[in-house]
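Enquirer: Handing you a structure now.
We did not get these values from a lab; they are worked out from the coordinates using the rules stated. A quick note: this is a predicted structure, and the numbers were derived from the prediction, not measured. As a convention, Cβ positions derive from the backbone with ideal geometry for all residues, glycine included, and neighbour counts pool all protein chains shown.
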Amino acid sequence: MNHSKLGMQIRPKSGVMKFLPPFISGRTAMAIYPYIYLPETIYSKITTGGLNADLELVIEHELKHLERQREVGLFRWLLKYCIDKNFRFEEELVAVKASVELSRKIGVKMDIDKISKILSGPMYLWMTSYSNAYKRLSQY
């Protein structure tokens, strides 16, 4: 992964983002063009040189969201992501696919079962069923 410009794009979650439910604010990354926001505990690892393979996969996922937000337009992307569960699911699949491709390059196995449970659960507002998420992710 090329990290040359990455430092400029990553920020710790702060302000309003700290008031999100803990399962979102404390453990998840979030992309809002042009930045990737990380929980402070994870952000501090990056700033001290602690970027591990799992974190690289998360960043790759969020970079794909930034790319898509730039292509679609931030406002339109955020609006559709919030109100259209099919759009949200397809966007997550695009981002997961980017992570899967990187995982193969760096030799890390991704847990499709775990990702399917997350995508079909409350964090993503039950945007799809577990079986559909698993079926689609298995194609990668």
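Enquirer: Full-extension gain between residue 124 and residue 94, please, as 0.36 nm times their residue separation minus the C-alpha to C-alpha distance.
Expert: Roughly 9.3 nm would be gained on extension.
Enquirer: Related question: Tell me the mean residue ellipticity at 222 nm calculated for the chain from its helices only (DSSP H runs of n ≥ 4, each -39500 (n - 2.57), averaged over every residue, nearest 500).
Expert: Per the formula, -18000 deg cm²/dmol.
Enquirer: A follow-up question, please. Taking R0 as 25 Å, what FRET efficiency do you get between residue 105 and residue 11 from their Cβ-Cβ distance, rounded to the nearest 0.05?
Expert: 0.45
Enquirer: Sorted from largest down, what three extents in whole angstroms do the Cα atoms of the chain have along their principal axes?
Expert: 39, 35, 30
Enquirer: If you put +1 on each Lys and Arg Cβ and -1 on each Asp and Glu Cβ, how big is the dipole of region 6-138 around its Cα centre, in Debye rounded to 20?
Expert: Dipole magnitude for region 6-138 comes out near 140 debye.
Enquirer: Contour minus end-to-end for residue 54 and residue 79, with contour as 0.36 nm per residue of separation and end-to-end as the Cα-Cα distance?
Expert: The residue 54-residue 79 span can extend by a further 6.1 nm.
Enquirer: On to the next question. Can you pull out the trypsin sites (Lys or Arg not before Pro) in region 62-140 that DSSP calls coil and that have at most 13 other Cβ atoms within 10 Å?
Expert: Those that pass, being in a loop and sparsely packed, are 109.
Enquirer: Can you give the FRET efficiency to the nearest 0.05 for residue 41 and residue 139, using r as the Cβ-Cβ distance and R₀ = 35 Å?
Expert: 0.55
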